[in-house]
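S.K.: Just dropping this structure here.
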Protein chains: 2
Amino acid sequence: MGHEPEASAHDPLTALLDGVRLRLRDLNDGEPASYIPELGRVDPRLFGLSLCTLDGQVYGSGDRAVRFTAQSVSKPFVFALALADHGLENVLARVGAEPSGEAFNSIRLEPGTGRPPNPMVNAGAIVTSSLVAGDTQKARFDRILDGLSAFAGRPLTVDEAVYASECATGDRNRALAYLMHNAGSLTGDVEAELAVYFRQCSVLVTCDDLAVMHATLAGGGINPVTGERVVASRHAQHVLAVMATCGMYDASGQWMLRVGMPAKSGVSGGIGVALPSQFGIGVFSPPLEEKGNSVRGIAACHLISDQFGLHLMRATAPERRPLPPRSLHPAPLRSLRHRTRAQRAALDARAERIRVHVLQGDLDFATAEQTLRAALELPDAVGWFVLDLTRVGRIEPVAADLLRGLAAELRTRDLRMVLADPDERQAMTRTADEFPDLGRALEACEDELLTGIGLDPDIPVPLADCDLFGEADPGLRAALAEAFDTLDLAAGESVAPPQTVPLDRIVLWYVESGRLAVCADAADTVTTRRTWSAGPGAALTPADFPPRRTRKVVAERDTRCRTLTAAGFRRLREREPDAVAFLERAPLEGAETVDRGDVT
Amino acid sequence: MGHEPEASAHDPLTALLDGVRLRLRDLNDGEPASYIPELGRVDPRLFGLSLCTLDGQVYGSGDRAVRFTAQSVSKPFVFALALADHGLENVLARVGAEPSGEAFNSIRLEPGTGRPPNPMVNAGAIVTSSLVAGDTQKARFDRILDGLSAFAGRPLTVDEAVYASECATGDRNRALAYLMHNAGSLTGDVEAELAVYFRQCSVLVTCDDLAVMHATLAGGGINPVTGERVVASRHAQHVLAVMATCGMYDASGQWMLRVGMPAKSGVSGGIGVALPSQFGIGVFSPPLEEKGNSVRGIAACHLISDQFGLHLMRATAPERRPLPPRSLHPAPLRSLRHRTRAQRAALDARAERIRVHVLQGDLDFATAEQTLRAALELPDAVGWFVLDLTRVGRIEPVAADLLRGLAAELRTRDLRMVLADPDERQAMTRTADEFPDLGRALEACEDELLTGIGLDPDIPVPLADCDLFGEADPGLRAALAEAFDTLDLAAGESVAPPQTVPLDRIVLWYVESGRLAVCADAADTVTTRRTWSAGPGAALTPADFPPRRTRKVVAERDTRCRTLTAAGFRRLREREPDAVAFLERAPLEGAETVDRGDVT
């Protein structure tokens, strides 16, 4: 018997598998199959357990590398190959998809058609293996072996001794095949079909192989270890569905009740389990209960499902459900854009016109429905609905559909839906405007709002006309403006951020035209982040350039800035004492900033 | 026939249901059940479709309010009541949980026990309705009617005419009951048991009722409209599991293959569907196919499952899977704490010791496994593993288990796991330290790191000893320190933030002892957010108090600050010109700030 290296117990997932195995190691019920000597000779103490994740990590415990014949565990994969070769409808014309309520070797065929009930019992599997493409018996088996190997991610081989015994003792399967041939549901040469079927049962696998094979089904047909697409996603789905209702023979209902994950067992003691989008499991322990399923294998799957809440029919506890969408009204967020006093006043007076919803967690049907309900209940005053998807994980197709429908409906109500979504995962660009972050999304809404009321924020504001100088007369304004230097930047040009120390640097930046943005480059792997932007009329102090955060200042358009140094400010105070009074009363309140943390 | 109000089409989910219904309205196959005249007289054009969310929103289309008798759609709910009264094992001793492979009125009982195959066929439902608690026939039926009403969220009634007809024509059910009584699987008075069963079949429901009833199962037994817990979560799970394999009689396998959601149909034309944690659906259209299921009902469920990717066996497309955990090394994040030059240098030199992982989306098995793998592969140099859960949605139990295991394993490696989790949802406080945000989590790690190398960041640093004055001699230091004012704050005391304008305010804050924190109050509903903190030795300029973001400055401990005004600075320059030189070279680089946006 194999023993896992000591080191493996140092990771919690291996420890979990070890725990399950050790807890069940002394469960000595059942007997190994003995209808052929090769199976009866197996060490009944063998017990392995493996798990493969959808990014191809394989964890295991115990006799995970011991080889055994796949037997019926091969059936789902051969069914998958038949689906790949013929499509669902053609395969279903030859084999049903209903649980039979009978044992694995049931002889019951559908009245009229002679179809076997499903591909998970022997009769059905004889038909599906006959459907795999190939002109000759050898070609067909080669395709099956190649296919099983592709599912496992390594070249598999056949146990020729088991194959010979299966051929020699397979009376009941032979009878089934002849009955189906008689009923017309199995065509071709019966003995040749049976040879292919017996060989497929005799393919050698390990627990690790079963885990990878089932992870391939769980992941929609892509082998997570090799990256190879083995079957189409829809075919993987079909196979899991049939495993869910028929995989455990006449214990399938109990299995769904107690374990709740699609599975398939074989008489050599293997069980494979697939949890869609999560993992594949392989278990191996030869002693079987009366229905032909591994005793320890069943118990291990029960334990794993129970202890870790993996049952497909389990409802998420309400306290674990995702947070509902959160509206940030009545404390409206503002964009990253510096605004003039007039713009800010206009936005303040219309705070109810832009509404932000922040979503977090995966976006499924339930979350999408809550979002659309919130949007449809918005007061008429709201003109822009900003949906922040920057904290969302995966987005289910139904959620994307509902949000697309929402955008269309809102358009008919003159309400514009705008998305903040760094990944642009939605393919919703056709129906809603997308921006890479919430700040830019808000900025676009505010700009539209301001333009709509005659305050186009992109119209240049010469320094002499700006807010900054309060009620100063034109003569004084001209004198004040003259104390400023001029800095012209071409679109795309960037400059280093002004520093706050030494204390003798620029103390005021004024933007006359164009647009400046301050960017923080984060990790190399992360795109540049825009901290804020400033357009015509914005006056910036060193406080607007936090030193560690500001990596560069970029002109997003051709931009003219006017700058005042501390020295210039002192000279101005000496020459025009009144000017200082103006400046010291100036509304340099800094930017309205979006602080993501505010909405956690 | 009913017609939905025009207004309802204005929401995308109703539009979706309308679309499904309109697309199938002209599907005229099948005939209504006619074994009793009441069912045969129904208008075959009736067609209703409703959906209930897990927060109790009911959407509907068409004849959603038309009443019809529940018939077999009542079976899952009566099974649920039997489970509530006796528990799973006792119920399973009397009725199986295996798909029978036969029709709804199958007469097949389990050899030996005489158990009916499952509670979704007539024989099984006669047994489960006999198991509902109650001393008399009336008491038992009252409990059933109350129970069905609790599932529906409104008082249901019985159609007495249908009941009378069912009683009069129920030969086959009567035969089933007597067979089971003979086999010992049905005890009590056969006619009384049958009366309860026929009455339960005659309870009147609408599409909306079916949607709410199935949403109650999907939500783990809590009625989403009334908030009442009707059955335990585990019993709701059991019912859904049996519906998944047996709910559609001998079309259950095909149903799982093509629709992939647990469902139950009745001969009056109703179908109920439950998608765990998502919603309940009710469909009503009387014409049936040969197996006794509503033709339009089946087609509607197919459409909904296909179009919106709701099949339980569907694998999430790789491009829609959640993002893997992201390590922010080698661009380490820093806490919100202002650090002295020596502290910053020490942290810079040990940047690899603190590792941050940011998770986003729901935390399921797969994401947790990726996280633990990343943690276990960390280099030995790492001493702190900070897991940022602030962007995570729901957390599956298995994920919480794995993270608890990870924290324990990391402890044995002298690696400390620290969580940033505003909701403290994990109950992981026993195994890992939790902080409400990433900034505070990082600060705690940095403080431990610094203390461990003899740089305890809480030891007071008198102004005269600080970094700020570079290589100034003690006499000059004393003179410089004298230009500062002293501000003592008691723990918990807060002051308004210093403003950057007028330009004549405090230009430098120095913390000698204690701890200051700057907080931004966001929306009323959101807890105060700490923007940064500063301890002994920190020198702060106005740039550290961004005006819009800083709401108040709080002393978290008894704190002594020293402050320098612009006027004080000018006076100092006049009296001690050398001091200005020092100050102008001072390393006032501002705080190392955590900017959440950097990691999007």
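S.K.: In segment B:521-544, is there at least one residue being more than 14 Å from chain A (Cβ to nearest Cβ), in contact with a helix residue (DSSP H, G or I) (Cβ under 6 Å, 6 or more places away or on another chain) and either at pLDDT 85 or above or open to solvent by 30 Å² or more (accessible area, probe 1.4 Å) (or both)?
M.R.: No, the conditions are met nowhere in segment B:521-544.
S.K.: Please list, ordered by first then second residue, the pairs with beta carbon atoms under 7 Å, 6 or more apart or interchain, first in segment B:462-490 and outside the structural domain of residue B:538 (by TED's automatic domain parsing), second of a type in the set (Val, Ile, Thr) and in a helix (DSSP H, G or I).
M.R.: none
S.K.: Any residue at all in segment B:555-578 that's modelled with pLDDT under 65, surrounded by fewer than 17 Cβ atoms within 10 Å (Cβ to Cβ) and more than 12 Å from residue B:516 (Cβ to Cβ)?
M.R.: From segment B:555-578, those modelled with pLDDT under 65 are none; that's our starting set.
No, there is no match, as no residue in segment B:555-578 is modelled with pLDDT under 65, surrounded by fewer than 17 Cβ atoms within 10 Å (Cβ to Cβ) and more than 12 Å from residue B:516 (Cβ to Cβ).
S.K.: Just to verify a result, which residue in segment B:73-100, among those that are out of contact with any helix residue (DSSP H, G or I) (no Cβ under 6 Å at 6 or more places or on another chain) and not in a helix (DSSP H, G or I), is modelled with the highest pLDDT?
M.R.: Selected residue: B:87.
S.K.: Return the residues of segment B:154-194 that are in contact (Cβ under 8 Å) with a residue 60 or more places away in the chain and of a type in the set (D, E, K, R); say none if nothing qualifies.
M.R.: B:159, B:166, B:172, B:193
S.K.: Do you know which of the residues in segment B:393-410 that are facing chain A (nearest Cβ under 7 Å) and of a type in the set (A, V, I, L, M, F, W, C) is farthest from residue B:369 (Cα to Cα)?
M.R.: Going residue by residue through segment B:393-410, those that are facing chain A (nearest Cβ under 7 Å) are B:393-398, B:401-402, B:405-406, B:409.
Among the residues that remain, those that are also of a type in the set (A, V, I, L, M, F, W, C) are: B:395, B:398, B:402, B:406.
Details: B:395: 13, B:398: 10, B:402: 7, B:406: 10 Å.
Top of the filtered list is B:395.
S.K.: Now for a different question. I'm told residue A:38 meets every condition in (1) open to solvent by less than 60 Å² (accessible area, probe 1.4 Å); (2) at pLDDT below 95; (3) in contact with a helix residue (DSSP H, G or I) (Cβ under 7 Å, 6 or more places away or on another chain); (4) outside any helix (DSSP H, G or I) except one. Can you identify the failing condition by its number?
M.R.: (4)
S.K.: Given the criteria part of a helix (DSSP H, G or I), open to solvent by 20 Å² or more (accessible area, probe 1.4 Å) and within 26 Å of residue B:51 (Cβ to Cβ), does residue B:142 qualify?
M.R.: Values: part of a helix (DSSP H, G or I): yes; open to solvent by 20 Å² or more (accessible area, probe 1.4 Å): yes; within 26 Å of residue B:51 (Cβ to Cβ): no.
So residue B:142 does not fit the description; no.
S.K.: Right, next: Can you find a residue that is surrounded by fewer than 19 Cβ atoms within 10 Å (Cβ to Cβ) and touching a strand residue (DSSP E or B) at 6+ places or on another chain (Cβ under 7 Å) anywhere in segment B:128-136? Can you show your working first?
M.R.: Pass one, segment B:128-136, residues surrounded by fewer than 19 Cβ atoms within 10 Å (Cβ to Cβ): B:133-136.
With the extra rule that they be touching a strand residue (DSSP E or B) at 6+ places or on another chain (Cβ under 7 Å), the set shrinks to none.
No.
S.K.: From B:236, B:218, B:274, B:263, which residue is free of Cβ contacts under 8 Å to residues at least 40 places away in the same chain, crowded, with 23+ Cβ neighbours inside 10 Å and of a type in the set (A, V, I, L, M)?
M.R.: Details: B:236 fails: free of Cβ contacts under 8 Å to residues at least 40 places away in the same chain; B:218 fails: free of Cβ contacts under 8 Å to residues at least 40 places away in the same chain; B:274 fails: free of Cβ contacts under 8 Å to residues at least 40 places away in the same chain.
Just a single option satisfies the conditions, and that option is B:263.
S.K.: Separate question: Name the residues in segment B:550-575 that are part of a helix (DSSP H, G or I) and within 30 Å of residue B:458 (Cβ to Cβ), would you?
M.R.: B:568, B:569, B:572, listed by residue number.
S.K.: Taking only pairs six or more apart or across chains, which ones have beta-carbon atoms under 8 Å, a first residue in segment A:195-212 that is in the same structural domain as residue A:171 (by TED's automatic domain parsing), and a second residue that is open to solvent by 10 Å² or more (accessible area, probe 1.4 Å) and basic (Lys, Arg)?
M.R.: A:196/A:140; A:204/A:67; A:205/A:67; A:206/A:64; A:206/A:67; A:207/A:64; A:208/A:64; A:209/A:154
S.K.: Taking segment B:237-259 only, how many residues are modelled with pLDDT of 95 or more and in contact with a Lys or Arg (Cβ under 7 Å, 6 or more places away or on another chain)?
M.R.: 2
S.K.: Additional query: Taking the condition of being outside any strand (DSSP E or B) and either at pLDDT 90 or above or not charged (D, E, K, R) (or both), how many residues in segment B:352-368 meet it? Show your work before the answer.
M.R.: From segment B:352-368, those outside any strand (DSSP E or B) are B:352-353, B:364-368; that's our starting set.
Among the residues that remain, those that are also either at pLDDT 90 or above or not charged (D, E, K, R) (or both) are: B:353, B:365-368.
Within segment B:352-368, residues that are outside any strand (DSSP E or B) and either at pLDDT 90 or above or not charged (D, E, K, R) (or both) number 5.
S.K.: Next up: Of all residues in segment B:41-71 being among the hydroxyl-bearing types (Ser, Thr, Tyr) and open to solvent by less than 10 Å² (accessible area, probe 1.4 Å), which is nearest to residue B:280 (Cα to Cα)? Break it down into steps so the answer makes sense when it comes.
M.R.: Taking segment B:41-71 first, the residues among the hydroxyl-bearing types (Ser, Thr, Tyr) are B:50, B:53, B:59, B:61, B:69.
Within this subset, residues satisfying the condition of being open to solvent by less than 10 Å² (accessible area, probe 1.4 Å) are B:50, B:53, B:61, B:69.
On the way: B:50: 8, B:53: 7, B:61: 14, B:69: 19 Å.
That would be B:53.
S.K.: If you check A:149, A:130, which single one turns out to be within 43 Å of the chain's Cα centre (by Cα), part of a helix (DSSP H, G or I) and farther than 14 Å from residue A:77 by Cβ? Full working, then the answer.
M.R.: Values: A:149 fails: farther than 14 Å from residue A:77 by Cβ.
Of the residues listed, the single one that is within 43 Å of the chain's Cα centre (by Cα), part of a helix (DSSP H, G or I) and farther than 14 Å from residue A:77 by Cβ is A:130.
S.K.: Please go through segment B:91-127 and give me each residue that is open to solvent by 10 Å² or more (accessible area, probe 1.4 Å), within 11 Å of chain A (Cβ to nearest Cβ) and touching a Lys or Arg at 6+ places or on another chain (Cβ under 7 Å), ordered by number.
M.R.: Correct list: B:102, B:117.
S.K.: Something else about it: Starting from segment A:409-420, take each residue that is among the small types (Gly, Ala, Ser) and list its partners that are open to solvent by 10 Å² or more (accessible area, probe 1.4 Å), counting only C-beta distances under 7 angstrom and pairs at least six apart or across chains.
M.R.: A:420/A:435; A:420/A:437
S.K.: Name the single residue, out of those in segment A:283-307 being in a loop (DSSP other than H, G, I, E, B) and within 14 Å of chain B (Cβ to nearest Cβ), that is modelled with the lowest pLDDT. Explain how you work it out, then say what you get.
M.R.: Going through segment A:283-307, the residues in a loop (DSSP other than H, G, I, E, B) turn out to be A:285-287, A:289-293.
If we keep only those that are within 14 Å of chain B (Cβ to nearest Cβ) as well, we get A:290-291, A:293.
Working: A:290: 90, A:291: 87, A:293: 92.
Here the answer is A:291.
S.K.: Additional query: Kindly indicate whether any position in segment A:169-186 is within 44 Å of the chain's Cα centre (by Cα), outside any helix (DSSP H, G or I) and either more than 14 Å from every other protein chain (Cβ to nearest Cβ) or under 25 Å from residue A:36 (Cα atoms) (or both).
M.R.: Looking through segment A:169-186, at least one residue is within 44 Å of the chain's Cα centre (by Cα), outside any helix (DSSP H, G or I) and either more than 14 Å from every other protein chain (Cβ to nearest Cβ) or under 25 Å from residue A:36 (Cα atoms) (or both).
The values are calculated or read from the model by the stated rules, or taken from the named source; none is laboratory data. If you're wondering where the values come from, they're calculated on a predicted model, not measured in any experiment. Please note: Cβ atoms are built from the backbone with ideal geometry, for glycine as well, and neighbour counts cover all protein chains shown. Just so you know, the surface numbers come from the protein's heavy atoms only, side chains and all, with ligands and any DNA or RNA stripped out. Shrake-Rupley method; radii C 1.70, N 1.55, O 1.52, S 1.80 Å.
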